[in-house]
Every structure is written in C-alpha cells, then in structure tokens.
Amino acid sequence: MQTNSWDKRADMLVYEHEPFNAESPSAALAESRLTGADAFYVRNHGPVPEGDEDGWRIVVDGLVRRPLRLSLEDLRERFTQHEVVATLQCAGNRRSGLQRIGDIPGHPWGAGATSTAVWKGVRLTEVLEAAGVRDSAGHIAFAAPDIAPEAEPPQRFGASIPLTKARQSEVLLALTMNGNPLPPVHGAPVRVVVPGYIGARSVKWVDHITVAAEPSANFFQSLAYRILGRDIDPTDAEPGPHGALGPMPVNSAVLQPGDGDRLAAGSHTITGYALPCEGNRIAEVEVSVDGGRTWRQAELDTPPNAWTWCRWQITAELHRGHTEIICRARDSADNEQPRAQAELWNPKGYGNNAWFRTSVEVTEPG
Ligand SMILES: Nc1nc2c(c(=O)[nH]1)N[C@H]1C(S)=C(S)[C@@H](COP(=O)(O)O)O[C@H]1N2
Ligand SMILES: [Mo]
C-alpha cells in the first residue's frame, strides 16, 4: 500500500499510517525550542480532509446575534493577525508508562506527543465579538470535516472549551505554523490553538464554531478524552462532562540521553523539557542520577510566555553500572508531579505526569 508520511523526518515514530499518527523523536525535540513542521507530532482520528482553500468557509452560529460565514480572505483581512508561541501536548503523552501498569488501548506514546510552534492567526475572541455572543453562552464548540471511525456513532471530530478560556488572547484560529501556511496534516487551512489545554481541543481543519450553553455533545468531548474511574469500562461509560479534560497538569521529561542508551562513565549533559499547568511558569526542575536518593536543580531556559515549554539541562557525573535518571518539575503555582505512575492509571491512559524515569547503561570510560 502506498503510504503518505506527510513530509515528516525519517526518524519519526510512526504508530499508524491511516490515520497518520506519529511521535516526535526526542533528538528533534532536543534540537530547538520550536519544533520544525517536519518533526511536529501528529495525532489524527480520521483521514486528512481534502483541502480547497478557496471554497473553505467557517460558520459561527448558535447563541450569537450575528451568525457569520467567513472565508480565508475574511479572516486575513477583517481581523488583526496575532502570533503566539505555544506547545501542544496530546492527553495521551507518556501513555506507554501507564500501559506498563495495566492494559490500555491506544498508541503507546512516549514523551514525544508534544511539540512547539509559533502560530499566527486571528484571536478567537475577536471572531466571537464580531458574532455578538449572547449572555446565555457558556461554551464554544468546534467541529471539523474529518470523520473518525472510532467514534460511536462515526462522526465529525469536535471539541469544546469554556467561553472564559475562548475569550483569552492566547486562543487562536491559526493560519500559519512557524511562518508557513499550516501543512495539511496539521489542520490547513485553519486550526484552533488552545494553549495550555490537551491537544484534542485544538481542532484542526475547523469549519464550524458553535456558541452554546453547555459543553459539546461530540464523542471526543463527551465520551473520549475523559479521565474515567479505574473500574469503568470506556465502552459502556455514560456520556457527559464528568472527567472531561481541559488544562494539562505540570509535567516534565528527559529528552537526552534516551532510554536504554549506553554511555561511557564521566560527565554528561542531560536535557529535557517541562510544561507548567495552564498559564503558570516552571519554577524548578530537579534531576536525580542515583534513582532518587539525591537531587540537583537543572538550569532552565526562559520561555517567551506561559504557553511555551521550558527547556532544561544539567551536567552530571555518571558512574559505571545501570543508572536511573529521574526528573520532576514544579510550577509557579506550586503544582508538582506525583511520584508514582500507578496512582495515575486510568482506563484511557491520559494525563501521565508522574516523575519521569529513564534508564541508561554506563560503561567503563572509553
Ligand atoms: N479535526 C481534528 N482535529 C484534531 C484531531 C483530529 O483527529 N481531528 N486530533 C486532536 C488531537 S487528539 C491532538 S493531540 C492534536 C494534535 O495536533 P497535531 O497533529 O497538529 O500535532 O490535534 C487535535 N485536533
Ligand atoms: Mo491528543
């Protein structure tokens, strides 16, 4: 079968070709603050819609005084363009750790279901203002033309966010990514970018925005992307807002060295990333190279805003033998990562933000 790998680097970890799902290699994430479009992780639930830029329209309706039907040209010309650097992260980032504890369906994402880009487009709040949101509104729903076969019943991909979040200046209808038009696999011609929320709320190929009183009834809002109780079988879970994911918890991971790497004893630079809980800053990343007995503070970079990951590094002396490297972050609101993955296990494998552990084999100095 002919497969399309969407102009991605050869070292992407591809879990599925149709729909295309691929994790960013840690080497690519470690290279720079912004992830190139050729290395940005991809999470798709259905086929990438065929694009027709000229015919594309976005409808804004529901609890509004002036329903809108906007072309790309309208978005470019009637609204001011704003830039936001933002990290997206799939709710399933680090699922593989939870899968080691107990069975969970879904791709075994490591720590590379996250990437960072500079997004440019119009502020959602300005589009909502043009439509005139009614007082009874509470949520903003998005929908896109891709049909997800896994949904019950099969339906368009959708999501919603609270109106209070939709009104924040960081939430965009993005037309470009790292200065270029959005690539097809990342949502061309227009996608939503909801910084600080699980990636699933950043709806790609968005063509419909509905202002409503309640959260969306779409499968991906009311059934999937929820933290369910441990004993609940996701296939018989009742739909509803209970447990629906929005803001992501504080998290961190080691990017280099990689799990299972062999290194010569001596001094090594360890690098990684940390993500604060929505709107905060990373205050501290601690690293242990002795399995958690002693900890040192890593050096942090200065992200341009609260929506961009913090990159960190530390130089440590590694001694011969099997070595576990652990990292843990704390954000400016004192949110901390929990120690154990076991406490975080949930039937869909979302939100793993336990201390990150990676093992390396340290050999005689060369
Ligand atoms: N229309 C549509 N939007 C979507 C999805 C999708 O399958 N269809 N996947 C969501 C999920 S789960 C994530 S994590 C992000 C991933 O964005 P990316 O593929 O650009 O990295 O897109 C979100 N937006
Ligand atoms: Mo996701």
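Looking for whichever is within 16 Å of ligand 2 (Cβ to nearest atom) and out of contact with any strand residue (DSSP E or B) (no Cβ under 7 Å at 6 or more places or on another chain) here; the options are Arg95, Arg78, Arg100. Which one fits?
Arg95
Which residue, of Pro195, Pro184, is within 16 Å of ligand 2 (Cβ to nearest atom) and modelled with pLDDT of 95 or more?
One residue alone meets the criteria, Pro195.
Considering only region 104-124, state which residues are more than 16 Å from ligand 2 (Cβ to nearest atom), assigned to a strand (DSSP E or B) and open to solvent by less than 20 Å² (accessible area, probe 1.4 Å). Before you say what the answer is, go through the steps one by one.
Initially, region 104-124 is screened for residues more than 16 Å from ligand 2 (Cβ to nearest atom), giving 118-124.
Now drop any that are not assigned to a strand (DSSP E or B), which leaves 118-123.
Hits for region 104-124 are Trp119, Gly121, Val122.
Mind checking which residues of region 190-230 are charged (D, E, K, R) and open to solvent by less than 30 Å² (accessible area, probe 1.4 Å)?
Matches in region 190-230: Arg191, Arg201, Lys204, Arg226.
Inspect all residues belonging to region 236-250 and state whether any of them is among the charged types (D, E, K, R) and more than 22 Å from the chain's Cα centre (by Cα).
yes
Inside region 283-322, can you point out the residues that are under 24 Å from the mean Cα position of the chain (by Cα) and among the β-branched types (Val, Ile, Thr)?
Selection gives Val285, Val287, Thr302, Thr308.
Before we move on, is Pro145 open to solvent by 20 Å² or more (accessible area, probe 1.4 Å), assigned to a strand (DSSP E or B) and on the phi < 0 side of the Ramachandran plot?
yes
Here is a list: Asn218, Asn178. Which entry is among the polar types (S, T, N, Q) and either touching a helix residue (DSSP H, G or I) at 6+ places or on another chain (Cβ under 8 Å) or under 27 Å from Asp331 (Cβ atoms) (or both)?
Matching residue, one of Asn218, Asn178: Asn178.
Tally time: how many residues in region 75-108 are among the aliphatic types (A, V, I, L, M), within 16 Å of ligand 1 (Cβ to nearest atom) and closer than 10 Å to Gly349 by Cβ?
Total satisfying the criteria: 2.
Is it the case that region 45-58 has a residue that's within 22 Å of Gln168 (Cβ to Cβ), more than 16 Å from ligand 2 (Cβ to nearest atom) and either open to solvent by less than 10 Å² (accessible area, probe 1.4 Å) or not in a helix (DSSP H, G or I) (or both)?
Checked region 45-58: at least one residue is within 22 Å of Gln168 (Cβ to Cβ), more than 16 Å from ligand 2 (Cβ to nearest atom) and either open to solvent by less than 10 Å² (accessible area, probe 1.4 Å) or not in a helix (DSSP H, G or I) (or both).
Restricting attention to region 7-31, which residues are touching a strand residue (DSSP E or B) at 6+ places or on another chain (Cβ under 9 Å) and assigned to a loop (DSSP other than H, G, I, E, B)?
Lys8, Met12, Pro19, Ser24, Pro25, listed by residue number.
State whether one or more residues within region 125-134 are of a type in the set (D, E, K, R), away from ligand 2 (no atom under 16 Å from the Cβ), open to solvent by 10 Å² or more (accessible area, probe 1.4 Å) and touching a residue at least 24 places away in the same chain (Cβ under 8 Å).
yes
Are there any pairs with C-beta distances below 8 angstrom linking a residue in region 44-71 that is at positive phi to a residue that is open to solvent by 30 Å² or more (accessible area, probe 1.4 Å), with the two at least 6 apart or on different chains, and if so which?
Gly62/Thr210
Looking at Ala217, Ala200, Ala174 in this structure, which one is within 14 Å of ligand 1 (Cβ to nearest atom) and either assigned to a loop (DSSP other than H, G, I, E, B) or in contact with a Lys or Arg (Cβ under 6 Å, 6 or more places away or on another chain) (or both)?
Residue meeting the stated conditions: Ala174.
Give just the number: which of (1) out of contact with any Ser or Thr (no Cβ under 9 Å at 6 or more places or on another chain); (2) more than 20 Å from Glu278 (Cα to Cα) does Ala91 not satisfy?
(2)
The values are calculated or read from the model by the stated rules, or taken from the named source; none is laboratory data. Note that the structure is predicted; figures quoted are calculated from it, not measured. Note that we place each Cβ from the backbone using ideal geometry, even for glycine, and neighbour counts take in every protein chain shown. For the accessible areas, the whole protein counts, side chains as well, though only heavy atoms, and no ligand, DNA or RNA atoms are used. Shrake-Rupley method; radii C 1.70, N 1.55, O 1.52, S 1.80 Å.
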